[in-house]
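Report on the structure given below.
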Amino acid sequence: MKKIVDNIFYVGVNDRNKNLFEGLWPLPNGVSYNSYLIDDEQVCLIDTVEIDFFAQFLENVREVIGDRPIDYVVINHMEPDHSGSLGLLKKFYPDVKFVGNKKTFGMMSGFYGLNADTLEVKNGDHLNLGKTSLQFVFTPMVHWPETMMTLDETHRTLFAGDAFGCFGALNGGIIDEQINCDWAWLEMIRYYSNIVGKYGVPVQNALKKLSGVELDYICSTHGPVWKQYISKVVDLYDRMSRYETEAGLVICYGTMYGNTERMAEEIARAASEAGVKNIVMYNVSKTHHSYILRDIFRYKGLIVGAPTYNTGLYHEMEVLLSEIAGKDIKNHLIGWFGSHGWASKACCKIEEWNETRLHFEVVGEPVDMKQAMSADVKAQCAALGKAMAEALKIEN
Ligand code: FEO
């Protein structure tokens, strides 16, 4: 039995089987689906877990309340990694009431055909469980339109839905002070940038609604329960949702035979010589774009390069640029380079991406290389790396 505090228990599960979260995002260390049970005069579950884990989930619940019924299940978020067990839960607890908002119930009906026994709440409404008082705070688009958070005012505990979550299963410890959390920080940024990153403004709105609320615990639907690191995770979310970056440079490239990679190496060397210490480099065909996006969220500078392919842009670079554009990332600097054997297209395609979708501030002169490295191309690559380094110095 995993007690968080007083009458709040962790009843979530770990998923170390899935390779890709949402079918998209690698899970090298798994993920947790967190659910919490408040054992009061009225028993209240906060969110559920993905349906594949229902048996373990039910066992966790019964370990806390035995044969007693569940009175309420609060649905902070309807994405099926948290709502997937609602239908089965209703079969085991036929008298349970679903607590959510109007949008929640539209989705619940559509996903699971559940329409009855609902308690619709409005932003700011309260629900009393006995000694525990809950307040509902609507936080639309963090991460779906129906998303809300639930504040346990009695225990100064925020059930935050996806917010403040991270990839990575919980290996024994549940609360941050029970865990060496070193692994969590980059995985929180990767989670944020890929799952919630498009919704910076809604995250800022949610943070404003919660500002001034004193919290002892933040219980997310993924990753550790935050206690000692509350100010750190709130600050991290604040900075990421304002697209605040550190001084640093991401260089990512596609390469077929190593020629374009040589350009990347020259650019990186020049940027380093000009004083940039944080430089990360990725071959887009090797590293999953979720990791590259994570670092693009961290660092202000971005230089991308790729070969021309089929008289267009190298496919893996198209995928990455599409992912960057889809996240509506702001406040970045960009430079680019390209190569071709016989038809020069890569550079103008990257330029088109930036002009039409990314809208990052352009730094330096793009470098277009025909076939292989020459002294002239080498000098142009060095100039691009240096220009980015200078721009990063001015910005920071
Ligand atoms: Fe963890 Fe948006 O679901």
Rounded, prolate or oblate (a/c below 1.5 giving rounded, otherwise prolate when a/b exceeds b/c) for the range 64-160 by Cα gyration tensor = oblate
With 23 Å as the limit, write out which pairs from 349/370; 2/209; 97/131; 122/208; 3/131 have Cα-Cα distances beyond it, or answer none.
-> 2/209
Would you kindly give the portion of the calculated P(r) for the range 119-271 that falls above 27 Å, as a percent of all Cα pairs?
-> 35 percent
Counting only C-alpha contacts under 8 Å and six or more residues apart, can you give the relative contact order of the range 215-307 as a whole percent?
-> 37 percent
Full-extension gain in nm, residue 115 to residue 133, via 0.36 nm per residue minus C-alpha separation | 3.9 nm
Under 15 Å from the Cβ of residue 262, count the other residues' Cβ atoms, weight Lys and Arg +1, Asp and Glu -1, and hand me the total.
-> -2
With all protein chains present, calculate the accessible area of residue 59 using a 1.4 Å probe and round the result to the nearest 10 Å².
-> 120 Å²
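In this model, which of 300/378; 198/330; 345/393; 227/330 are farther than 22 Å apart at the alpha-carbon? Write down the numbers at each step before the final one.
Details: 300/378 24 Å; 198/330 10 Å; 345/393 31 Å; 227/330 31 Å.
Checking Cα-Cα distances, 300/378; 345/393; 227/330 exceed 22 Å.
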Just add up the charged neighbours of residue 370: K/R +1, D/E -1, any other residue whose Cβ is under 14 Å from the Cβ of residue 370.
-> +1
For the range 1-138, with all protein chains present and a 1.4 Å probe, just round the carbon and sulfur fraction of the accessible area to a whole percent.
-> 49 percent
Which one of 288, 383, 344 has its Cα pushed farthest toward the positive end of the charge dipole of the range 269-396, where Lys and Arg give +1 and Asp and Glu give -1 at the Cβ?
-> 288
Carbon-plus-sulfur fraction of the accessible area of the range 342-395, 1.4 Å probe, in percent?
-> 50 percent
Using a cut-off of 15 Å between beta-carbons, work out the net charge of the residues near residue 96 (Lys and Arg +1, Asp and Glu -1, residue 96 not included).
-> -2
Which whole-number percent is the relative contact order of the chain (Cα, under 8 Å, 6+ apart)?
-> 12 percent
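Looking at the range 287-396, what % of its DSSP beta bridges pair antiparallel, to the nearest 5? Write down the numbers at each step before the final one.
Numbers: 2 of 15 bridges.
Percentage antiparallel, nearest 5: 15.
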Taking every DSSP bridge whose two residues both lie in the chain, the antiparallel percent to the nearest 5 is 45 percent
Classify the range 309-396 as rounded, prolate or oblate, taking a ≥ b ≥ c as the square roots of the eigenvalues of its Cα gyration tensor: rounded when a/c is under 1.5, otherwise prolate if a/b is larger than b/c and oblate if not.
-> oblate
Would you mind getting me the FRET efficiency between residue 374 and residue 278? Use the beta-carbon distance for r and R0 = 41 Å, nearest 0.05.
-> 0.90
Partner aspartates and glutamates for residue 386 [C-alpha distance under 19 Å; skip if fewer than 8 residues away on the same chain] = 246, 261, 265, 266, 273, 361, 365, 368, 376, 395
Surface accessible to a 1.4 Å probe, per residue, for the residues of the chain, Å² | 41 Å²
May I ask for the longest run of the chain untouched by trypsin sites (Lys or Arg not before Pro) that are loop-located per DSSP and have at most 15 neighbouring C-beta atoms (other than their own) within 10 Å?
-> 17-121
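Taking 1 over the mean of 1/r across every pair of different Cα atoms in the chain, what Kirkwood radius in Å do you get? Spell out each step's value before the answer.
Numbers: mean 1/r = 0.0442 Å⁻¹.
About 22.6 Å for the chain.
Using only helices, what value at 222 nm comes out for the chain when you add -39,500 (n - 2.57) per DSSP H run of length 4 or more and divide by the total residues, to the nearest 500 deg cm²/dmol? Numbers along the way, then the final one.
On the way: 12 runs with 131 residues, N = 396.
Roughly -10000 deg cm²/dmol at 222 nm, from the helical runs in the chain.
The values are calculated or read from the model by the stated rules, or taken from the named source; none is laboratory data. This structure is a prediction, so every number in the text was calculated from the model and none was measured. Heads up, the Cβs are rebuilt from the backbone with ideal geometry, glycines too, and the neighbour counts pull from every protein chain shown. Side chains included, ligands, DNA and RNA excluded: accessible areas come from the protein's heavy atoms. Shrake-Rupley method; radii C 1.70, N 1.55, O 1.52, S 1.80 Å.
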